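Worksheet for the structure shown next.
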Amino acid sequence: MAGAEWEQRGAMVHDPEAFADIKSHAPYENVQRARYPVISATVPLIDTQVSYAGAAKWVAQLRSTAKTDDDRPILLKTEMVAGHVDTDQAR
């Protein structure tokens with residue numbers, strides 16, 4: 001994070017209440033041993049703002065922690081041409 005973005009989001013590391021609030025919304029940190037509905041996560045492979053690794057890590061955490069069965073799969077689709085990039089450059 002740089003400049004204004006740090007002031008908007010990054011400074012929360014110094015405010016325990018703000019940090020706890022943001023963490024309570026973080027999908028990876030809040031995976032529970034529960035039965036989830038069918039999950040289909042889609043992520044772009046090439047993106048300057050969002051890493052595919054975050055979605056892959058979250059799906060792996062869900063698969064290893066959640067109570068699943070064949071009727072409730074947890075899927076991950078990686079889009080080859082999508083995201084915060086010029087799609088002509090991504091090809």
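The values are calculated or read from the model by the stated rules, or taken from the named source; none is laboratory data. All values derive from a computational prediction rather than experimental measurement. In this analysis, Cβ positions are derived from the backbone assuming ideal geometry, glycine residues included, and neighbour counts consider all displayed protein chains.
In table form, for the structure just shown:
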item: Pick from segment 52-68, criterion surrounded by fewer than 13 Cβ atoms within 10 Å (Cβ to Cβ) and free of Cβ contacts under 8 Å to residues at least 24 places away in the same chain, ranking: nearest to E29 (Cα to Cα); result: S64
item: So D47, is it assigned to a loop (DSSP other than H, G, I, E, B) and touching a Gly at 6+ places or on another chain (Cβ under 6 Å); result: yes
item: Selected residue (only one of P27, P16, P37 is at pLDDT 85 or above and over 24 Å from A56 (Cα atoms)); result: P16
